[in-house]
Every structure is written in C-alpha cells, then in structure tokens.
Amino acid sequence: MTGLIEIDGSFGEGGGQILRTSISLAALTMKPVRISKIRAGRPIPGLKRQHLSGIKLTGELVDAAIKGLEVGSTEVTFIPNQRQSGLFSIDVGTAGSISLILQAVLPPAVLAPKPITFQIRGGTDVKWSPPIDYLHNVFSPMVRQLGAIVEIEQKKRGHYPRGGGIVLCRVTPVKELHSLDLVDFGELKAVAGISHCVRLPSHIAERQASSAKEVIRKSLDVEAGIETESYSKNEDHHLGPGSGIVLWAEDRNGTRIGVDRLGDRGERAEKVGEKAAEHLVHEVSKGRAIDSHLADMIVPYLAVAKGESRIGISEVTSHLTTNLWTIEQILGTSMNLEGTIGELGFLKITGN
C-alpha cells in the first residue's frame with residue numbers, strides 16, 4: 001500500500017507501548033500503519049485481549065480498516081478512513097487496564113472534530129499501568145495546559161483479576177494544542193492524594209494514608225491532604241478486593257508530579273503508604289516538572305502541538321525512549337533528548 005508506515009514492534013522495550021503509540025498516531029494523522037513483531041520479546045508474543053480493546057476503540061474514532069485484530073497476532077495493519085465523534089463504549093472483559101486504553105484513544109480524541117465520550121469497563125487499578133486516580137489528578141491537568149479538556153470520572157473500581165471497573169471520559173477537543181515550557185518543579189505548595197480499598201476493611205485505606213502522611217511530614221515538612229475511600233459491606237459492589245494509593249505534589253505554579261502504589265497480598269498497608277510517599281519525595285527531590293510516569297504519556301501531544309516544547313524529566317525511562325522513537329517513525333518530529341535511561345532528562349521537541 002502506498003504511504004503505509006512500517007513499524008518494528010520489537011524495538012526498544014518491545015512491549016505494548018509501541019503498539020499503542022503507533023495506532024494512536026495513525027488515527028491522529030490519518031496515516032495507515034503496519035506494526036510487525038508485536039511484543040516479540042515477551043514470553044507469550046503478540047496481542048493480548050486488552051490490546052485488542054485499545055486498537056478496536058481507536059479504530060472506531062477513525063472508522064479504520066484493521067487486519068490482524070486477534071489474540072496472539074504479531075502483526076496489525078491499521079488504515080484510518082474518516083474521523084468520528086460522539087459516544088464510544090467498550091468492555092475489556094478482564095482487568096485489562098483502562099488507563100492504557102485511554103493512552104491510545106486520547107491523542108486523536110483531543111483533536112477530533114467534535115466532543116467525544118468514552119465509556120470503558122475493565123481495570124482501574126492494575127499493575128504496570130497508571131491508576132485512573134493518577135490520570136484524573138496528574139495527567140488531565142497537564143493536558144489542560146495544552147488546551148484540551150479531558151474529564152475522567154471513575155464510576156467503579158476494578159482490580160485484578162476480575163476487573164469490572166467503569167470509567168467515563170469526556171473530551172472537549174481543540175483545533176490545535178499549545179506547546180509546553182516546563183523544565184523545573186517550583187516551590188512546593190501542597191501534597192495531596194487518594195488512598196482506597198474495596199472489599200477490604202476500611203482501616204487498610206486509613207493505614208496507607210497515615211503512613212504516607214508521616215513520611216511526607218518528616219521529609220517535605222508539609223501536611224499531606226490524603227482522602228480515604230472505602231465502602232461498607234452493604235455498599236461494596238466491586239467484583240474483587242484491592243487497595244492502593246496515589247499521591248501528587250503541586251508547586252506554586254500549579255504543576256503536579258505524582259506517584260502510585262498498589263497494595264499486594266502479604267504487604268502491610270503501612271508499607272504501601274510509606275513506599276508511595278518515599279517515591280514522591282524522591283520525585284520532588286529531582287526538581288523537574290515532569291515525573292517519570294508522565295513523560296512518555298505526554299510526548300505524543302507535544303509532538304503535534306504548535307511550536308517548540310521544553311520539558312524537564314525526573315528520570316528517563318525505556319518507555320520514554322521507545323515512545324520518542326515511535327513518534328519519529330510516524331511523524332518525523334524534531335526531538336532532542338538529553339539524558340540516558342535512569343538519569344535526569346531534558347527534552348526539546350518541535351511539534352508538527
């Protein structure tokens with residue numbers, strides 16, 4: 001096919017990141033793309049069920065013709081046809097991460113012709129993916145600085161393995177995104193967070209929050225405003241047990257950096273809160289405006305924003321470098337990253 005962009009899905013960390021970004025940017029630019037060697041280095045290569053949901057939902061945004069959309073497939077061809085708007089719904093059917101699906105569908109959605117609403121059922125608090133609380137409190141405010149409005153409402157939580165979480169995401173698109181100049185994290189103004197538990201005793205959420213507050217008080221000399229969320233036995237309609245905490249720090253300019261940690265079987269609630277708080281203290285100590293989790297999530301938007309963006313990153317990750325490579329393959333965007341994996345980073349990126 002003329003103009004078909006070929007992407008090697010085994011490049012870099014070789015996981016679902018390349019797949020999500022490739023499909024997302026194909027929908028955003030209306031360029032056809034073929035991704036091969038999908039998750040080639042994983043114990044079980046190819047598409048998993050949650051990947052199918054992300055590709056399918058992104059395809060609905062642009063009425064795409066899709067080949068290879070099946071579990072285990074190592075090659076997908078995605079051909080956009082026409083932009084769509086309105087309400088889009090999908091049920092992952094497992095605890096597959098809703099956040100990772102949103103990572104794929106939101107870049108084309110923020111530049112859609114009309115408002116879009118997503119209703120997604122799956123996992124809200126899942127290992128190896130950002131919780132919905134992080135997207136709502138850290139990611140969405142950053143996207144708003146670029147000009148688009150992404151409102152994320154968590155209707156019900158879903159933990160591994162049963163899922164059942166429900167999220168509504170309303171997108172008010174714009175014709176073009178603003179560039180971003182955010183290098184340094186300024187003077188600390190406040191620390192906040194949400195500590196939750198479902199189908200578990202309420203004291204678990206309280207103990208997570210209490211231990212986090214203590215670490216933050218001692219290390220950052222501020223009182224953290226951490227909300228607790230739990231349910232009585234009669235009110236708790238979640239499908240399975242789980243707990244977790246999301247924390248964020250905000251500077252005097254309104255910039256937020258955040259962290260998260262899930263509870264795990266055999267790990268005391270105090271340790272969950274303590275580890276999350278220590279991670280936040282570490283991120284704040286780096287003095288950069290973009291935390292290590294947000295960096296790879298935000299660069300696709302900067303790559304299509306108007307003008308030059310400059311961001312300071314608390315830690316360069318393999319997810320970030322892989323995303324930058326993927327963006328370059330599809331958009332040819334001019335990017336300059338200073339810093340190697342595990343180090344502080346500074347990124348200059350000129351949008352198309």
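The values are calculated or read from the model by the stated rules, or taken from the named source; none is laboratory data. The model shown is predicted, which means the values in this text are computed figures rather than measured ones. Methodologically, a virtual Cβ is constructed for each residue, glycine included, from the backbone with ideal geometry; neighbour enumeration extends over all protein chains shown.
Hey, among ARG162, ARG157, ARG170, ARG144, which residue is free of Cβ contacts under 8 Å to residues at least 12 places away in the same chain and not assigned by TED's automatic domain parsing to the domain that holds LEU61?
ARG144
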- Query: When you look at SER140, is it at pLDDT below 95 and either under 18 Å from the mean Cα position of the chain (by Cα) or part of a strand (DSSP E or B) (or both), yes or no?
  - Reply: no
- Candidates THR322, THR317, THR326, filtered to the one that is in contact with a helix residue (DSSP H, G or I) (Cβ under 7 Å, 6 or more places away or on another chain), over 30 Å from ILE245 (Cβ atoms), of a type in the set (Ser, Thr, Tyr) and surrounded by 18 or more Cβ atoms within 10 Å (Cβ to Cβ): THR326
- Query: Taking region 67-82, which residues are of a type outside the set (Gly, Ala, Ser) and crowded, with 17+ Cβ neighbours inside 10 Å?
  - Reply: VAL76, THR77, PHE78, ILE79, PRO80
- Return yes or no: is PHE118 assigned to a strand (DSSP E or B), of a type outside the set (Ser, Thr, Tyr), in contact (Cβ under 8 Å) with a residue 40 or more places away in the chain and in the same structural domain as SER24 (by TED's automatic domain parsing)? no
- Query: Does any residue in region 74-91 that is over 12 Å from PHE118 (Cβ atoms) come within less than 7 Å, Cβ to Cβ, of a residue that is part of a loop (DSSP other than H, G, I, E, B) and charged (D, E, K, R) six or more places away or on a different chain, and which pairs are these?
  - Reply: THR74/LYS37; ASN81/ASP63; GLN82/ASP63; GLN84/ASP63
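Does ARG20 qualify as being in a loop (DSSP other than H, G, I, E, B), in contact (Cβ under 8 Å) with a residue 24 or more places away in the chain and basic (Lys, Arg)?
No, not satisfied.
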- Yes or no: GLY263 farther than 19 Å from ARG207 by Cβ and surrounded by 14 or more Cβ atoms within 10 Å (Cβ to Cβ)? no
- Task: Please find, among GLU151, GLU176, the residue that is part of a loop (DSSP other than H, G, I, E, B), in contact with a Lys or Arg (Cβ under 6 Å, 6 or more places away or on another chain) and closer than 30 Å to PRO113 by Cα.
- Result: GLU176
- Determine whether ALA224 is more than 20 Å from the chain's Cα centre (by Cα), of a type in the set (Gly, Ala, Ser) and surrounded by 13 or more Cβ atoms within 10 Å (Cβ to Cβ). yes
- Message: Residues that are within 28 Å of GLU227 (Cβ to Cβ) and either out of contact with any Cys (no Cβ under 9 Å at 6 or more places or on another chain) or charged (D, E, K, R) (or both): list the helices (runs of 4 or more DSSP H) wholly contained in region 237-352 that include at least 2 such residues.
- Response: 269-286, 292-304
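Residue-wise test of (1) among the β-branched types (Val, Ile, Thr); (2) in the same structural domain as ILE341 (by TED's automatic domain parsing); (3) surrounded by 23 or more Cβ atoms within 10 Å (Cβ to Cβ); (4) in a helix (DSSP H, G or I).
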{"position": "ILE7", "(1), (2), (3), (4)": "yes, no, yes, no"}
{"position": "PHE11", "(1), (2), (3), (4)": "no, no, no, no"}
{"position": "LEU28", "(1), (2), (3), (4)": "no, no, yes, yes"}
{"position": "ILE38", "(1), (2), (3), (4)": "yes, no, yes, no"}
{"position": "ILE44", "(1), (2), (3), (4)": "yes, no, no, no"}
{"position": "ALA95", "(1), (2), (3), (4)": "no, no, yes, no"}
{"position": "PRO113", "(1), (2), (3), (4)": "no, no, no, no"}
- Query: Restricting the first residue to region 207-227 and requiring it to be touching a residue at least 60 places away in the same chain (Cβ under 8 Å), which pairs with a second residue that is surrounded by fewer than 20 Cβ atoms within 10 Å (Cβ to Cβ) and part of a strand (DSSP E or B) meet a Cβ separation below 7 Å and a spacing of at least six or different chains?
  - Reply: ALA209/THR228; LEU220/LEU188
- Note on the structure: Among (1) surrounded by 15 or more Cβ atoms within 10 Å (Cβ to Cβ); (2) not in a strand (DSSP E or B), SER232 falls short only on (1)
